[in-house]
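Working notes, structure below.
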Amino acid sequence: MNTTIKEEEGKLIAVFNGRLDTLAAVQTAKDVQPLIDADNTEIELDCQDLEYISSSGLRIFISILKSVKARKGTVVVKNINDEIKKVFEMTGFNKLFIIK
Amino acid sequence: MGEVTTFFGLSLQIWLVIIMMIGLFYMLTRTRVPAEVSFLGAVTFLLAMGVISEHDLLEAFGSEAILVTGAFYIVLAGLMTTGVLYWLSKHLLGEPSTYSKAIVKLMAPAALLSAMIGCLEVTHLFTDLVKIWARKLAIAPSKLLMPLSYAATLGGMCTLLGHTSNLVVAGLYVEQTGQALNLFAPLIPGLVCTVVGIALLAFLRNKIPPRESPEVSFEETSDYTVELLVPTDNDAVMQTIDEAGLRNVSGGSLIEIVRFDKEVISPVPADEYIFGGDRLIYSGQINELLELKNTHGLVAADHHVYSINEIDNNRKMRTAYVNFGSDLIGTRMCESDFEKRSDMVLVAVARQGKRVDEQPRQVALQAGDTLLLECPSKRNTDLEMTYKRTLTFFDSQFVPQLGLRTVISASILILMFMLSSFQVVPLITSTMLAAGAMLIFGCCRMDSITKYIDLDFLLMLGAMMVFSTAITKTGLMTMISNPILKLCAENPYIILIVMCFLASVVSELFSNLSAAAVFFPIMYHQAVILGCNPLTFTIALMTSITISYATPVGSVTHMHIYGPGGFKFTDFLHLGTWMHLILLAVNLITVIIVFPLH
């Protein structure tokens with residue numbers, strides 16, 4: 001599992017690559033800490049190469065959302081595959097995030 | 001005549017029967033294959049191997065035991081539908097002042113009714129009533145359910161209709177002699193055993209363990225595990241459990257969260273987020289925890305639920321216990337499709353009145369476990385009938401309408417008994433006439449009687465008869481019988497005692513039907529060889545195999561009360577062994593006096 005953070009036009013983008021399972025979640029939580037600590041109000045989570053997400057992975061997404069909402073920002077989740085889409089629908093995450 | 005090939009001194013046919021018996025024993029004790037399927041498999045094997053003929057098969061399945069049992073199911077349907085049994089059971093119990101009086105007050109009418117309609121039917125009929133009665137008298141239900149079981153078995157000894165095994169033995173006797181037994185043939189030994197049994201039980205009443213009734217435990221105990229699901233659209237999604245007020249709730253606390261990917265969070269931290277699809281496992285008082293459905297929009301469900309609107313608001317919580325031989329034994333709800341098939345959802349499990357310390361749907365179920373199930377609001381009686389072999393519901397939905405037909409069906413039953421006991425017509429004729437009369441007078445409807453006819457049981461009964469024929473035909477009975485004759489110095493009294501003791505032990509370990517099928521041909525053969533009255537051996541066998549009280553396996557009535565009484569397997573052993581030995585002795589003495597050997 002690999003997570004890259006980049007900034008484009010004032011927007012912070014996290015690019016996920018691989019399987020975000022329970023084991024990978026510990027490192028990923030550290031990798032996305034800049035998104036939580038930053039002042040940016042526009043956050044994008046690019047899931048183009050994210051193959052799988054576990055409940056631990058979703059917990060990281062929620063932590064990001066909570067902190068961004070606290071600074072009145074938005075989180076956009078992009079390019080999720082069908083399997084992750086189903087997980088989002090089941091857990092109710094599709095109503096919490098802006099999905100593109 | 002062709003020479004018979006033998007292996008180790010036994011003919012091929014005897015070996016086939018022995019192999020079949022071992023196979024059958026394995027199937028019944030080590031597999032979950034239903035008994036009737038095992039027996040039918042064994043019969044097919046014997047037929048294919050030429051041990052029995054098509055004629056034997058047809059004769060067995062058309063035997064008196066099968067026809068009388070089948071017709072009597074219709075008579076029972078009439079009695080149930082018109083409320084005769086409901087009325088009788090409701091009015092026979094009063095308000096006795098002491099526990100010993102309560103035992104007698106319960107056992108006497110239960111035994112009488114059992115002689116008329118069968119022991120299992122009486123146990124079924126009285127179970128719920130006795131539980132209510134026990135609550136009224138402030139006695140643990142187990143203290144009255146065990147006497148009920150004894151009374152039903154004892155009363156059932158008095159007539160051929162009292163126990164199915166009585167009918168099997170009577171049917172085998174007809175096959176051998178061509179003479180039908182009177183309905184009341186075992187009356188005197190049965191009656192003596194009933195009187196002695198009731199007195200003994202009243203005397204040994206302190207040996208009956210007070211067990212907490214499992215469904216009362218669900219209501220009163222403060223420590224059970226309940227599983228509830230968070231629907232996707234629940235407002236608590238994305239809140240922490242503390243924010244949602246779902247951690248320490250009225251009546252209990254959250255002990256575990258099981259996520260969609262099977263991740264288990266335990267202990268649950270206060271800041272843990274809630275996701276749609278989470279299964280929240282609570283420990284605490286059931287009724288209050290179930291209030292979370294109303295206050296927090298949680299649901300009981302076996303599958304994922306997106307919205308609470310998907311759940312029928314009228315669904316009801318019902319308690320049921322897992323039957324012996326149930327296909328649920330050993331299964332976990334999370335791995336089974338039972339909930340989907342039955343439209344029921346497991347909410348909690350109790351075992352012998354105590355909390356099972358696991359997620360309810362992860363618990364490997366055992367016989368006697370009490371389940372709290374969320375059930376459909378309608379079709380309750382259908383649900384009970386469909387799963388009658390799997391589960392027994394505590395709250396039977398059946399409430400009959402009393403009226404003119406109640407009187408008619410009661411009269412039909414009395415007439416049936418009179419015709420048969422005064423030998424106006426044989427038992428088979430009187431039962432079939434009564435069944436016909438029940439239908440003609442509208443006491444039960446043709447389309448509803450199928451619910452009362454236990455086809456699986458009839459199949460098993462037929463297979464038992466075939467099994468008995470195979471033992472006789474192959475000469476296996478001679479092979480078993482002759483060494484016993486020699487060992488007992490051909491003394492008919494000793495042989496009778498030894499054989500009846502062995503038969504009652506086999507009955508304890510397997511079933512009285514198996515004991516009847518195996519022991520009848522052997523004992524009949526012994527009676528003939530010794531020049532004794534075969535009726536003595538027949539009645540002695542008939543009554544001995546019903547005195548199996550030491551295990552719930554040996555007694556169908558014990559098996560029935562096991563779950564509702566919250567009993568442990570060993571609860572039956574201590575008192576049951578004494579009752580078994582004393583009543584066997586009383587029974588054999590009475591049989592020998594009433595039916596002299598010569």
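The values are calculated or read from the model by the stated rules, or taken from the named source; none is laboratory data. Just so we're clear, the structure is a prediction, and the values are computed from it rather than from any experiment. Cβ coordinates were reconstructed from backbone atoms using ideal geometry, including for glycine residues, and neighbour counts include every protein chain displayed. For accessibility, only protein heavy atoms count, side chains too; no ligands or nucleic acids. Shrake-Rupley method; radii C 1.70, N 1.55, O 1.52, S 1.80 Å.
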Could you size up the charge dipole of chain B around its Cα centre, putting +1 on the beta carbon of Lys and Arg and -1 on that of Asp and Glu, and report it in debye to the nearest 20?
-> 1920 debye
Among A:Ile62, A:Gln48, A:Val87, which residue has its Cα positioned farthest towards the positive end of the charge dipole of the range A:39-100, with +1 placed on the Cβ of Lys and Arg, -1 on the Cβ of Asp and Glu, and the dipole taken about the Cα centre?
-> A:Ile62
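Fully extended, how many nm does the chain gain between B:Ile19 and B:Ser421 (0.36 nm per residue separation, minus their Cα-Cα distance)?
Extra length available between B:Ile19 and B:Ser421 comes to 140.5 nm.
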Rounded, prolate or oblate: pick one for the range B:79-139, where a ≥ b ≥ c are the square roots of the eigenvalues of its C-alpha gyration tensor, a/c under 1.5 means rounded, and failing that, prolate if a/b is larger than b/c, else oblate.
-> prolate
Say R0 is 30 Å: what FRET efficiency, to the nearest 0.05, do B:Lys388 and B:Thr44 get from their beta-carbon distance?
-> 0.70
The protein assembly as shown - percent of accessible surface contributed by carbon and sulfur, probe 1.4 Å = 59 percent
Evaluate the distance, in nm, between pseudo-label points positioned 7 Å from the Cα of A:Leu23 and of B:Asp233 along their respective Cα→Cβ axes.
-> 4.0 nm
Any idea how far the Cα center of the range B:467-519 sits from the one of the range B:45-93, in Å?
-> 25 Å
Can you tell me the dipole magnitude for the protein assembly as shown around its Cα centre, using point charges on the Cβ only (Lys, Arg +1; Asp, Glu -1), in Debye to the nearest 20?
-> 2020 debye
Within the range A:10-26, whose backbone N sits under 18 Å from a point 7 Å along Cα→Cβ of A:Lys66?
-> A:25-26
Per the Debye formula with a single identical scatterer at each Cα and no solvent contribution, what log10 I(q)/I(0) holds for the range B:117-188 at q = 0.14, 0.19 Å⁻¹?
-> -0.52, -0.74
List every residue whose amide H lies under 5 Å from the amide H of A:Val76, counting only residues 5 or more places away in sequence or on a different chain, with H placed 1.01 Å from N in the peptide plane.
-> A:Ile43, A:Glu44, A:Leu45
Hydrodynamic radius (Kirkwood) for chain B, which is based on Cα pairs only, to one decimal in Å = 26.0 Å
Scan around B:Met317 for amide H atoms under 5 Å from its own, H built in the peptide plane at 1.01 Å from N, and keep only partners 5 or more places away or cross-chain.
-> B:Cys375
Charge dipole of chain B built from unit charges on the beta carbon (Lys, Arg +1; Asp, Glu -1), centred at mean Cα; most positive-end Cα among B:Met27, B:Pro564, B:Thr295 is B:Pro564
Rh by Kirkwood over Cα pairs, then Stokes-Einstein D for the protein assembly as shown at 1.567 mPa s and 4 °C, µm²/s | 45 µm²/s
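Would you mind calculating the relative contact order of chain B from Cα pairs under 8 angstrom and at least 6 residues apart, reporting the percent as a whole number?
19 percent
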What is the distance, in nm, between label points placed 7 Å from the Cα along the Cα-to-Cβ direction at B:Leu92 and at B:Leu12?
-> 5.4 nm
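Based on the Kirkwood radius over alpha-carbon pairs, what is the Stokes-Einstein translational diffusion coefficient of the range B:35-125 at 37 °C with 0.692 mPa s viscosity, in µm²/s?
Result for D is 200 µm²/s.
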Using protein chains only (no ligands, no nucleic acids) and a 1.4 Å probe, work out which residues of the range A:51-100 have their accessible area cut by at least 50 Å² relative to the chain alone.
-> A:Ser55, A:Arg59, A:Ile62, A:Lys66, A:Met90, A:Thr91
Quick calc, chain A, dipole around Cα centre from Cβ unit charges on Lys, Arg (+) and Asp, Glu (-), nearest 20 debye, gives 440 debye
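Subtracting the Cα-Cα distance from 0.36 nm times the residue separation, let me have the gained length for B:Asn182 to B:Ser53 in nm, one decimal.
Extra length available between B:Asn182 and B:Ser53 comes to 43.5 nm.
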If a/c stays under 1.5 just call it rounded; otherwise compare a/b with b/c (prolate if a/b is bigger, oblate if not). Do that for the range B:1-82, with a ≥ b ≥ c from the square roots of the Cα gyration tensor eigenvalues.
-> oblate
Rounded Å value of the spacing that divides the Cα centres of the range B:244-258 and the range B:275-292 = 7 Å
Interface residues, the range B:261-280 - accessible area loss of 40 Å² or more versus chain alone, probe 1.4 Å | B:Asp261, B:Glu263, B:Tyr273, B:Phe275
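For chain A, state the semi-axes of the equivalent ellipsoid (square roots of 5 times the eigenvalues of the alpha-carbon gyration tensor), sorted largest first and rounded to whole angstrom.
Largest first, chain A gives 19, 15, 13 Å.
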Nearest-0.05 FRET efficiency for B:Phe203 and B:Asp271 at R0 = 51 Å, using Cβ-Cβ distance, is 0.20
Cα-Cα over 25 Å: which of A:Lys6/A:Lys72; A:Lys6/A:Lys66; B:Lys451/B:Lys568; A:Lys86/B:Lys316; B:Lys316/B:Lys568; A:Lys95/B:Lys316?
-> B:Lys451/B:Lys568; A:Lys86/B:Lys316; B:Lys316/B:Lys568; A:Lys95/B:Lys316
Estimate for me the total accessible surface buried between chains B and A (protein heavy atoms, probe 1.4 Å, no ligands or nucleic acids), in Å² to the nearest 100.
-> 1500 Å²
Cβ-Cβ FRET estimate between B:Ile139 and B:Glu358, R0 fixed at 35 Å, reported to 0.05 = 0.65
Phi-derived 3J(HN,Hα) across the range B:454-469 with the Karplus relation (6.51, -1.76, 1.60, θ = phi - 60°), rounded Hz, x for Gly and Pro, is 8, 5, 4, 5, 5, 4, 5, 4, x, 4, 4, 5, 4, 4, 5, 4
Projected label distance in nm at A:Glu7 and B:Asp447, using a 7 Å step from Cα toward the beta-carbon | 7.7 nm
Taking a probe of 1.4 Å and leaving out DNA, RNA and ligands, the protein assembly as shown shows per residue an accessible area in Å² of 42 Å²
